[in-house]
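Heads up, the thing below is written out as structure tokens.
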Amino acid sequence: MSGAKADPRFATTAGPPRRRMQLRWSDPNFRNLVWQIVVVGLVVLVIGYLVGNTSRNLAARNIATGFAFLGRVAGIPIGESLIPYDPATSTYGRALWIGVLNTLKVAIVGIILATILGTLVGVGRLSKNWLLARITAVYVEVLRDVPLLLQLLFWYMALQSLPAPKQSFHLLDYVYLSNRGFKLPVLVWQEAHSWAALAALAGIVLTWLWARLATRRQELTGRRPPVWPVALLLIVGLPVVVWATLGAPFTLDKPVLRGFNFQGGATLSPEYGALTLGLIIYTAAYIAEIVRSGILAVPNGQWEAGGAIGLHRGAVLRRIVLPQAMRVIIPPLTSEYLNLTKNSSLAVAIGYQDVVSIANTTLNQTGQAIEGIAYIMAVYLTISLSISLFMNWYNAHIALVER
Amino acid sequence: MNTPASATVSATQNLPAPTRERPPADVVGPWAWARNNLFATWWSTAITLVLIYAILRASLGFVEWAVVNAIWTVPQGASGPDTSSCRAIKGIGACWAVIGEKYRFILFGRFPFDEQWRPAICVALFIGLYIVSAMRRFWRKELVLIWVVVLAAIGVLMWGGVFGMPYVGQDVWGGLPITLILSTFGLAFAFPIAVLVALGRRSTKLPAVKLLCVLYVELIRGVPLISLLFMASVMFPLFMPDGVNFDKLLRAQVAFILFAAAYLAEVVRAGLQALPKGQMEAGDALGLSYWQKTGMIILPQALRLVIPPLVNTFIAFFKDTSLVLIIGIFDVLTTGKIAVSEPTWQGFSTEVYLFLAVIYFAFCFAMSRYSSGLEREFSRSRGR
């Protein structure tokens with residue numbers, strides 16, 4: 001093949017010479033152009049027809065298009081919100097933003113806990129213990145074959161049929177479980193706590209730097225300086241010292257039963273609880289399958305090779321098997337995270353006010369159907385793209401580096 | 001060494017049969033099995049004991065609730081069934097009477113009571129259609145014909161108006177047939193669209209068409225199904241000219257078709273990508289046109305490759321039909337929820353939800369077993 005370069009027959013492998021397109025049906029380029037014009041033209045026609053109808057219908061119903069309604073007072077009662085909200089004065093824009101925050105609150109907690117539960121179940125299915133492997137298999141099979149909406153309705157009903165606040169379950173001091181939700185005390189936030197949080201953040205950064213230093217040292221000398229004690233000292237010790245030097249303020253806002261309900265403290269509402277619980281349990285079944293197939297995709301020889309070079313089992317798992325399994329796991333896991341986020345929109349069926357629920361109320365009140373749906377789509381597309389981008393970055397980070 | 005082969009054989013045959021020693025009891029038998037699989041290490045033993053305790057407690061509690069303390073029928077009072085006996089044991093025993101009284105409503109919704117044999121036959125036809133489609137000996141072109149005939153027969157049975165069957169409007173259809181109609185018709189119409197979109201997304205010569213297909217798939221897959229259903233129920237009337245109004249069920253069906261087509265298109269695309277390029281080039285070498293190549297060479301191979309993921313998509317799609325509850329269409333989940341919202345039966349939703357879960361589970365479990373069986377079969381032929 002070394003002579004091939006000199007061969008004149010191979011000299012023009014850059015492709016056939018460009019031919020001018022001829023305006024004849026027998027020319028494939030011309031045909032392709034015509035087909036594209038036809039298809040795009042049809043799509044444009046259909047969209048134009050729909051837009052024409054819509055604008056006529058909107059004009060007939062006296063609905064002004066545009067997002068001006070976002071500045072009007074909403075008057076939607078919202079049960080739980082992360083930012084201050086008052087139905088009498090707050091706008092639709094703020095209400096919809098609360099919806100986004102509520103969606104994120106479900107999605108983030110759901111993704112983290114579903115990953116943990118799913119990994120445990122997935123590893124459990126590979127366990128040498130027959131009973132554990134069977135039970136986790138049954139868990140996966142049953143949960144995947146019953147619609148999520150039915151599961152959510154079930155969890156919601158279960159949480160609602162808990163006893164009333166007066167007879168609530170008293171789990172720990174100031175922790176109550178009743179049909180009004182899960183009540184727990186919260187820390188009254190003071191300045192010292194902010195400083196302590198800042199110190200913890202600094203500790204994490206310093207630990208990361210120390211770990212890098214340790215790795216470099218290990219590569220040079222073969223000995224790894226201790227990392228865990230340093231990490232403990234920096235991440236836990238430093239904030240505690242900061243907090244203690246600032247006077248160690250500690251007051252709790254405790255829930256107290258007054259009349260028929262609790263006052264004070266933090267609440268996890270039954271709606272939020274049912275939605276998050278249902279999503280975690282349902283998605284974990286899918287994640288378990290992904291984790292299991294990822295671990296199975298690593299050949300047994302990798303374990304054996306790790307053992308042969310003298311690594312103990314934990315080190316083989318951490319340094320050899322998991323990094324390879326992750327490459328198989330990450331892409332389907334990403335789409336599972338996206339599914340969980342999209343499934344959180346089922347909140348509307350059990351009365352949790354996520355972005356879909358609030359947008360639906362908004363469009364029923366104002367008639368701004370197109371804007372409402374556009375808002376929902378924009379929010380979900382943004383969330384989906386952010387998750388995809390992050391996971392793609394992570395995937396590229398751990399991908400196999402080839403020549 | 002010089003002995004003839006026959007002599008060796010006869011010598012071997014004349015030897016007394018060796019007395020086989022049984023392997024020791026701690027290598028085979030149930031005890032050895034239990035020791036290896038349940039009590040191998042102290043950690044495994046702990047897990048086993050905890051699990052056995054949890055399973056025993058949960059299943060005993062469930063049996064007590066669902067069987068021992070359960071009430072199966074309730075007496076008929078002056079104004080309908082008398083559920084006081086059920087209310088007395090609420091939380092202690094199940095009240096299966098709600099299923100006995102309400103199963104016709106849950107399964108067939110508000111369909112006229114005397115005509116409910118029609119949706120019942122439809123459900124049977126649907127199940128028969130699934131079974132026939134699952135059998136490999138029917139995987140040929142005639143299957144399309146079977147689908148058309150059966151779906152038409154289902155339409156005739158549901159609507160009526162011919163053969164002496166009274167006409168029944170779509171507004172009173174409900175229950176299990178709606179779930180099956182939404183998923184099956186959705187799949188039947190979405191599939192051809194999905195194939196076209198997947199081909200469009202793979203095309204290199206038609207960039208504009210490719211862009212349209214990518215936009216369609218990514219937009220639909222990026223948003224939750226709920227928002228599409230809201231769109232169908234709120235925005236669709238706005239899209240239509242004045243006076244034209246589609247039925248709510250049909251609008252939901254259109255939303256489902258659009259939704260399913262986007263997901264199926266990605267599955268089909270995976271199959272197209274898995275085919276080696278040589279197949280297309282071989283078609284070119286034979287002088288086949290694009291559609292001949294696609295129809296006779298590419299699609300038959302690509303679709304066969306993706307049957308297991310297609311079945312999985314169908315399972316997901318089947319479960320997703322329950323979302324029509326939110327826009328108020330009477331599928332089997334909605335009828336179940338309405339059945340327990342009656343004052344008489346309020347508070348017995350656990351029983352109804354379990355009943356519905358069993359129905360959904362039966363369909364999905366059958367499909368998922370089938371899909372994993374196919375997957376094993378396909379991977380076996382690949383592994384040779």
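Each value in this text was obtained by applying a stated rule to the coordinates, not by laboratory testing. Here the structure is a predicted model, which is why all the values come from computation and not from measurement. As a convention, Cβ positions derive from the backbone with ideal geometry for all residues, glycine included, and neighbour counts pool all protein chains shown.
Structure values in brief
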| item | result |
| --- | --- |
| Region B:26-68: Cα Rg divided by the 2.2 N^0.38 Å rule of thumb | 1.54 |
| Fewest-first sequence of A:Ile98, A:Ile78 by Cβ atoms within 10 Å of each Cβ | A:Ile78, A:Ile98 |
| Interatomic Cα distance distribution for chain B, bins of 10 angstrom, percent | 4, 16, 21, 20, 16, 11, 7, 4, 2, 0, 0 |
| Histogram of C-alpha separations across region B:196-330, 5 Å bin width, % | 2, 9, 16, 17, 16, 13, 10, 8, 5, 3, 1, 0 |
| Radius 14 Å from Cβ of A:Ser81, net charge of other residues (Lys, Arg +1; Asp, Glu -1) | -2 |
| When each of B:Lys102/B:Lys337; B:Lys210/B:Lys248; A:Lys183/B:Lys90; B:Lys141/B:Lys293; A:Lys105/B:Lys337 is checked by Cα-Cα distance, pairs over 22 Å | B:Lys210/B:Lys248; A:Lys183/B:Lys90; A:Lys105/B:Lys337 |
| Cut-off 13 Å between beta-carbons: net charge of the residues surrounding A:Glu289, Lys and Arg +1, Asp and Glu -1 | -1 |
| Intensity falloff of region B:172-269 expressed as log10 I(q)/I(0), Debye formula with alpha-carbon point scatterers, at q = 0.14, 0.24 Å⁻¹ | -0.58, -1.20 |
| Relative contact order (%) - criterion: Cα under 8 Å, at least six apart; region: region A:189-250 | 52 percent |
| For region B:139-201, alpha-carbon Rg and Dmax in angstrom | 14.8, 48 |
| For region A:37-184, average projected area of the Cα convex hull in nm² | 17.5 nm² |
| Axial C-alpha extent at least 20 Å, average Kyte-Doolittle at least 1.0 - helices from chain A (DSSP) | A:28-60, A:92-125, A:130-144, A:270-297, A:369-398 |
| For region A:189-250, diffusion coefficient by Stokes-Einstein and Kirkwood Rh (Cα), 10 °C, 1.306 mPa s, µm²/s | 127 µm²/s |
| Cβ-based charge dipole, chain A, positive-most Cα from A:Trp155, A:Ile47, A:Leu187 | A:Ile47 |
| Karplus (6.51, -1.76, 1.60) ³J(HN,Hα), θ = phi - 60°, over region A:67-84, in Hz, Gly and Pro reported as x | 9, 5, 5, 4, x, 7, 6, 7, x, 8, x, 10, x, 10, 8, 8, 10, x |
| Mean separation of Cα contacts under 8 Å, 6 or more apart, over the residue count of chain B: relative contact order % | 17 percent |
| Dimensionless Rg/Rh of region B:275-384 - Kirkwood Rh, Rg from C-alpha atoms | 1.25 |
| Unit charges on C-beta of K, R, D, E only; dipole of the protein assembly as shown, Debye | 2440 debye |
| Estimated inter-spin distance, B:Leu219 and A:Arg217, nm [label 7 Å along Cα→Cβ] | 5.8 nm |
| Hydrodynamic radius of chain A per Kirkwood, over alpha carbon pairs, in Å | 27.2 Å |
| Mean projected area (nm²) of the alpha-carbon convex hull when region A:325-391 is viewed from all directions | 5.0 nm² |
| Under 13 Å, Cβ to Cβ, from B:Pro112 - net charge with Lys/Arg +1 and Asp/Glu -1 | 0 |
| Cα-Cα separations in the protein assembly as shown greater than 50 Å, expressed as whole percent | 30 percent |
| Relative frequency of Cα-Cα separations exceeding 26 Å in region B:65-193, percent | 43 percent |
| Candidates B:Ala194, B:Ala232, B:Ala152, ranked by Gaussian network fluctuation over chain B, Cα under 10 Å, top entry | B:Ala152 |
| Cysteines without a disulfide-compatible partner [the protein assembly as shown; Cβ-Cβ under 4.7 Å] | B:Cys122, B:Cys213, B:Cys364 |
| Kyte-Doolittle mean at least 1.6 and Cα axial length at least 30 Å: DSSP H helices in chain B | B:176-202 |
| Gaussian network model of chain A, springs between alpha carbon atoms under 10 Å - residue of A:Ala88, A:Ala214, A:Ala274 with greatest fluctuation | A:Ala214 |
| Convex hull of Cα atoms in region A:258-318, direction-averaged projection (nm²) | 7.3 nm² |
| GNM result for chain B, Cα springs below 10 Å: residue of B:Phe365, B:Phe163, B:Phe189 fluctuating most strongly | B:Phe163 |
| Test item: Cα-centred dipole of chain A, Lys/Arg +1 and Asp/Glu -1 on Cβ, debye | 1220 debye |
| Rounded if a/c under 1.5, otherwise prolate or oblate - region A:227-356, Cα gyration tensor axes | oblate |
| Square roots of five times the Cα gyration tensor eigenvalues for region B:319-367, Å | 20, 15, 6 |
| Shape of region A:171-302, Cα gyration tensor, a/c cut at 1.5 | oblate |
| Region A:10-111: chymotrypsin sites (Phe, Trp or Tyr not before Pro) in DSSP coil with no more than 14 other Cβ atoms inside 10 Å | A:Trp25 |
| Cα gyration tensor shape for region A:43-126, rounded if a/c is under 1.5, else prolate or oblate | oblate |
